[in-house]
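The structure appears right after this line, and notes come after that.
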Amino acid sequence: MSKIAFVFPGQGAQAVGMGKDIYDALPKSRAVFEKGDEVLGFPLSKLIFEGPDSELKQTVNTQPALLTASVAYLEALREQGLKPDYVAGHSLGEYSALVAAGVLSYEDAITLVRLRGRFMEEAVPGGQGAMAAVLGAEREALAALCQAVSEESGVVELANVNCPGQIVVSGSQEGVNGVVQRVKEAGGKRAIPLEVSGPFHSSMMRVAADRLAEELKKVTFNTPNVPVIVNVTASPVTDPEEIRELLVRQVYSPVLWQDSIEWLIADGVDTFVEIGSGSVLAGLIRKIDKTVKVININTLESVQTVL
């Protein structure tokens, strides 16, 4: 029997205007945007719909904005009666997945990701951290290169294992530059520096993780109504306290996206529904396995035709 997984994008998928069509057309989706504005105490929806892009790209704004757009499209899907067997999210997208699974309320999730974004921005002074996407390298070889560069120049670690041939590294400016310069030693074709405000998913984020841990203690975590495949372990977790702890670790640990998708496919998932802005995850999933079906829910039309 075929199974469905809902997957939710992370930072980088944002776009000015995302969700405006369902805001205009669907009352339950509009209510998500309005609730976000109310909880945060400023017009986040205006920033999402009108920009400017430079402000939307700031981590402290991007994270609640993407969560809001994803949850608004999720509400639209629920109206259609579509339900998943599993949920997963890429980095920030894990919070959208936790809302989908009933672990977190949207109100708590948006409060947390706004703080998460601020803590991540403030963890490392500007210019000291970096990230780069490495294309064509094997995971083990790239991990070994990161270890060698870390010992010589400065910390650099695997941050996102996205799909075969695409791994993001993160760490100090010197460490990431070292990997970029020596990428062919790991069998990589090239490395592309990323425009980010910090070395996300590296050990340099432990300060942010410690601050987030204090905020997570204040929030109620419910038992999920569908299993959540988490970034840190790439396996299903159903215990609320374990989910809370893994969200702390997620800030400074690699996102094991390829492993997560492979686990889901091995368990019988043959349809992935990417919910929210863009189609980044759909591209990654197709590179992991071309035989599975991937559906994007990022417009009103896609919601209306999904069934």
inquiry  = Being of a type in the set (A, V, I, L, M, F, W, C), closer than 23 Å to Glu262 by Cα and either surrounded by 24 or more Cβ atoms within 10 Å (Cβ to Cβ) or more than 12 Å from the chain's Cα centre (by Cα) (or both): is that true of Val103 here?
reply    = no
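Residues are listed down the side, and each one gets a yes or a no for (1) within 13 Å of Pro164 (Cβ to Cβ); (2) at pLDDT 95 or above; (3) touching a Phe, Trp or Tyr at 6+ places or on another chain (Cβ under 9 Å); (4) in a helix (DSSP H, G or I):
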site	(1), (2), (3), (4)
Gln258	yes, yes, no, yes
Leu264	no, yes, yes, yes
Thr271	no, yes, no, no
Glu274	no, yes, yes, no
Ser277	no, yes, yes, no
Leu284	yes, yes, yes, yes
Lys287	yes, yes, no, yes
Thr291	no, yes, no, no
Ile295	no, yes, yes, no
message = Against the conditions (1) without any contact (Cβ under 8 Å) to a residue 40 or more places away in the chain; (2) closer than 30 Å to Gln304 by Cβ, where does Pro125 fall short? Just the number, please.
response = (2)
query = Can you find even one residue in the stretch 65-75 that is in the same structural domain as Leu256 (by TED's automatic domain parsing), of a type in the set (Phe, Trp, Tyr) and touching a Lys or Arg at 6+ places or on another chain (Cβ under 6 Å)?
reply = no
task = Starting from the stretch 159-184, take each residue that is over 21 Å from Ala282 (Cα atoms) and touching a residue at least 12 places away in the same chain (Cβ under 8 Å) and list its partners that are outside any loop (DSSP other than H, G, I, E, B) and hydroxyl-bearing (Ser, Thr, Tyr), counting only C-beta distances under 8 angstrom and pairs at least six apart or across chains.
result = Gly171/Ser150; Gly171/Ser203; Gly175/Ser150; Val176/Ser170
message = Step by step: first the residues of the stretch 115-141, then only those that are crowded, with 22+ Cβ neighbours inside 10 Å and either basic (Lys, Arg) or in contact with a Pro (Cβ under 8 Å, 6 or more places away or on another chain) (or both), then the one that is modelled with the lowest pLDDT. Which residue is that?
response = Val124
ask   = For Leu307, all conditions in the list (1) in a loop (DSSP other than H, G, I, E, B); (2) at pLDDT 95 or above; (3) more than 18 Å from Ser70 (Cα to Cα) hold save one; what is the number of the exception?
value = (2)
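Residues checked against (1) more than 23 Å from Ser235 (Cβ to Cβ); (2) surrounded by fewer than 19 Cβ atoms within 10 Å (Cβ to Cβ); (3) more than 15 Å from the chain's Cα centre (by Cα):
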site	(1), (2), (3)
Asp270	no, yes, yes
Glu274	no, no, no
Ser277	yes, no, no
Gly283	yes, yes, no
Lys287	no, yes, yes
Lys290	yes, yes, yes
Glu301	yes, yes, yes
Gln304	yes, yes, yes
message = Suppose the filter is closer than 18 Å to His90 by Cβ, among the aliphatic types (A, V, I, L, M) and in the same structural domain as Tyr23 (by TED's automatic domain parsing); does Leu264 pass it?
response = yes
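The values are calculated or read from the model by the stated rules, or taken from the named source; none is laboratory data. Quantities reported herein were computed from a predicted structural model and do not represent experimental measurements. Because the Cβ atoms are built from the backbone with ideal geometry, glycine has one as well, and the counts that use them run over all protein chains shown.
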